[in-house]
Structures are given as C-alpha cells and as structure tokens.
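Notes for the one structure printed next.
The values are calculated or read from the model by the stated rules, or taken from the named source; none is laboratory data. Being a predicted model, the structure only gives us computed values, none of them experimental. Cβ sites come from the backbone with ideal geometry, for glycine too, and all protein chains shown count toward neighbours.
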Amino acid sequence: MTTNLDRYKNDLDRLISKGNKLHIAMQLDCFPQEVKKKIKDQYGEKAKKILSDIPSFREEYQAWYSEAQILVKQLLPDRLSDFIR
C-alpha cells in the first residue's frame, strides 16, 4: 500500500527531474550552440537522445511550476513565498 509519504517522495523526485530538464531547456533556448556543443562533448553518441528528451521550456514550465508550487505549499508552507520569488 502506498503511503502519503511515498506519494510525496515520488512527486518530489519527478518534479526535481523535470525541473532539471527544464533548466537545460531554458539554457538551450538562450544559448543553443553552446549547450548543444557541451552536451555532445560530454555525452558523445548519447547526445542526440539526450537532446531529444529535453522538453520545450515555453510549453512545459507553467505546468511544472503550478504543480511544484502545490507540493511546496503542502510540504514546506513556510517556504512558499521563497519559492514564488
């Protein structure tokens, strides 16, 4: 049986992973040549797959932010204003 704590952990892990990908997506939008080169240099043949897994920042950020805000409000209500800033 899945507990609330397990659900929070899974949600948090998923949001952190998605947030990391969105961070890369934002960098890719701002500095496409540099980011692509860095990923190719670092991952070699795997770079094409990694780049194809990067979400669109413009399309997916707001959904991520809304969901992350709800989780922060539930888990760390005193830090919600920090998150919003």
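Looking at Leu76, Leu22, Leu5, can you tell me which residue is modelled with pLDDT under 95 and in contact with an Asp or Glu (Cβ under 9 Å, 6 or more places away or on another chain)? If you could, list the steps in order and put the result at the bottom.
Working: Leu22 fails: modelled with pLDDT under 95; Leu5 fails: in contact with an Asp or Glu (Cβ under 9 Å, 6 or more places away or on another chain).
That would be Leu76, the only listed residue that is modelled with pLDDT under 95 and in contact with an Asp or Glu (Cβ under 9 Å, 6 or more places away or on another chain).
Please count how many residues of the range 44-73 are in contact with an Asp or Glu (Cβ under 8 Å, 6 or more places away or on another chain) and among the hydrophobic types (A, V, I, L, M, F, W, C).
Residues meeting the conditions: 2.
Quick one: count up the residues across the range 71-84 that are closer than 16 Å to Gly19 by Cβ and surrounded by fewer than 13 Cβ atoms within 10 Å (Cβ to Cβ).
Of the residues in that region, 5 qualify.
Considering only the range 58-66, I want to know if a residue exists there that is outside any loop (DSSP other than H, G, I, E, B), among the basic types (Lys, Arg) and in contact with a helix residue (DSSP H, G or I) (Cβ under 7 Å, 6 or more places away or on another chain). Before you say what the answer is, go through the steps one by one.
Taking the range 58-66 first, the residues outside any loop (DSSP other than H, G, I, E, B) are 58-66.
Now narrow it down to the ones that are among the basic types (Lys, Arg): 58.
With in contact with a helix residue (DSSP H, G or I) (Cβ under 7 Å, 6 or more places away or on another chain) added as a condition, the list becomes none.
No, because not a single residue in the range 58-66 is outside any loop (DSSP other than H, G, I, E, B), among the basic types (Lys, Arg) and in contact with a helix residue (DSSP H, G or I) (Cβ under 7 Å, 6 or more places away or on another chain).
Any residue at all in the range 16-27 that is free of Cβ contacts under 8 Å to residues at least 60 places away in the same chain and over 11 Å from the mean Cα position of the chain (by Cα)?
yes
Of these, Ile54, Ile39, which one is in a helix (DSSP H, G or I) and surrounded by 15 or more Cβ atoms within 10 Å (Cβ to Cβ)? Explain how you work it out, then say what you get.
Numbers: Ile54 fails: in a helix (DSSP H, G or I).
The match here is Ile39.
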